[in-house]
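Remarks on the structure that follows.
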Amino acid sequence: MRRVLIAGNWKLNKTASEAKAFARELLEKISGQEKAEILICPPTLFVESMVSDTKGTQVQIGAQNCFYEASGAYTGETSPAALADLGVPYVVIGHSERREYFHETDDDIAKKARAIFDAGMTPIICCGETLEQREQGIAKQWIAGQIKAALKELTDEEVAKAVIAYEPIWAIGTGRTASPADAEEICAEIRDVVYEVAGKDASDQTRILYGGSVKPDNVKEILAEANIDGALVGGASLEVDSYIGLLNGAE
Ligand code: PGA
């Protein structure tokens, strides 16, 4: 069984005190054992304090990015080892904003996936097409290329543990969600690619998330799709009540 993962991607939002207040309120409001796996990815600066504020609870704190080298002369970067040492379980890589604004390539993302497993964590590997690519009818082949490139340094067992997030670029932060059927079509294609590169066990186990304007009122129908195992959520993960709405949708 693939457990539903509701991953909040805060992007560049909140201050340290706001992050602290969020953690406190979330812990007050979540009930018992939630069915879904809970993950919040704050800006790197607040990862350590949020890990400590949520220690021993079902709330997990992830990172939005890291570098692929373990140490060295790489000013401004964060190493996988440093995140793993804090107890971070997941790192998002290959988000379309990082590909676009920070010029990350498929090759960088493959190296990061490798380095994240080497440090004992799990990558959440993002992929997605532009509106233009969708209109040209090349979305599936574009995404297959991104996924094959990102997985190329991993063993089949690692692919099975990896999380893949399908985020059509035209649906991110726009209020325009892919229809559940459109999202499912691409997520099913991603599972076929996983089958092709890493075999049946991996394709049965790899979790595939959908992201792009997921909200409490549309999460349920998205998660009802056979090949969608969770959501990567930006805007709707910034407020506790909204994040809890997402968890409720996963019940
Ligand atoms: P959004 O962002 O939910 O605000 O559309 C999703 C993401 O970019 O991860």
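Step by step: find N for the stretch 210-251, compute 2.2 N^0.38 Å, then divide the Cα radius of gyration by it. What's the final number?
Computed over Cα atoms of the stretch 210-251, the ratio equals 1.01.
Any idea how far apart residue 152 and residue 221 come out in nm if each label point goes 7 Å out from Cα toward Cβ?
3.9
Report ³J(HN,Hα) in whole Hz for each residue of the stretch 88-93, in order, from the Karplus equation J = 6.51 cos²θ - 1.76 cosθ + 1.60 where θ = phi - 60°; Gly and Pro get x.
3J(HN,Hα) across the stretch 88-93, in whole Hz: 6, x, 10, 10, 6, 9.
Give the order of 14, 35 when sorted by the count of other beta carbons within 10 angstrom, beginning with the fewest.
The most exposed by this proxy come first: 35, 14.
Counting each pair of different Cα atoms once, what's the Kirkwood radius of the chain in Å, rounded to one decimal?
18.0
Could you work out which residue, out of 77, 189, 153, moves most in a Gaussian network model of the chain, that is, has the largest mean-square fluctuation with Cα springs under 10 Å?
Among 77, 189, 153, the largest GNM mean-square fluctuation belongs to 77.
Check which residues have an amide H placed less than 5 Å from residue 207's amide H, if you skip close sequence neighbours.
164
For a Förster distance of 30 Å, can you work out the FRET efficiency between the beta-carbons of residue 195 and residue 103, rounded to the nearest 0.05?
The computed FRET efficiency comes out at 0.45.
Tell me which residues come under 5 Å, amide H to amide H, from residue 128 once H is placed; ignore anything under 5 positions away on its chain.
Answer set, sorted by chain and number: 167.
Based on DSSP H runs of at least 4 residues, each adding -39500 (n - 2.57), what is the mean residue ellipticity at 222 nm of the chain after dividing by all its residues, to the nearest 500 deg cm²/dmol?
-13000 deg cm²/dmol
Output wanted: per-residue J couplings in Hz (rounded whole) for the stretch 50-65, from phi through Karplus 6.51 cos²θ - 1.76 cosθ + 1.60, θ = phi - 60°, x for Gly and Pro.
6, 4, 6, 5, 10, 3, x, 10, 7, 7, 9, 10, x, 10, 8, 5
So how do 12, 209, 238, 131 line up by other beta-carbon neighbours within 10 Å, fewest first?
Going from least to most buried by this count: 12, 131, 238, 209.
So for 138, 38, 164, fewest C-beta neighbours within 10 Å to most, what's the order?
Starting with the residue having the fewest Cβ neighbours, the order is 138, 38, 164.
Write down the Kirkwood hydrodynamic radius of the stretch 79-137, to one decimal in angstroms, obtained as one divided by the mean of 1/r over all alpha carbon pairs.
When all Cα pairs of the stretch 79-137 are included, the Kirkwood radius is 12.4 Å.
Between their Cα atoms, which of 11/35; 35/148; 14/112; 11/161; 161/220; 29/200 are more than 29 Å away from each other?
35/148; 29/200
Got a sec to turn the phi values of the stretch 101-111 into Karplus ³J(HN,Hα) couplings, 6.51 cos²θ - 1.76 cosθ + 1.60 with θ = phi - 60°, whole Hz, x for Gly and Pro?
The phi angles translate into 7, 10, 6, 6, 9, 4, 5, 4, 5, 4, 5 Hz.
Give me D for the stretch 37-150 in µm² s⁻¹, whole number, from Stokes-Einstein with Rh from the Kirkwood sum over alpha-carbon pairs, 4 °C and 1.567 mPa s.
87
Projected area of the stretch 118-232, taken from the Cα convex hull and averaged over every viewing direction, in nm²?
6.9
Every number here is computed from the coordinates shown, using simple stated rules; none is lab data. Keep in mind the model is a prediction, meaning the values are calculated, not measured. Positions of Cβ are backbone-derived with ideal geometry, glycine not excepted, and every protein chain shown enters the neighbour counts.
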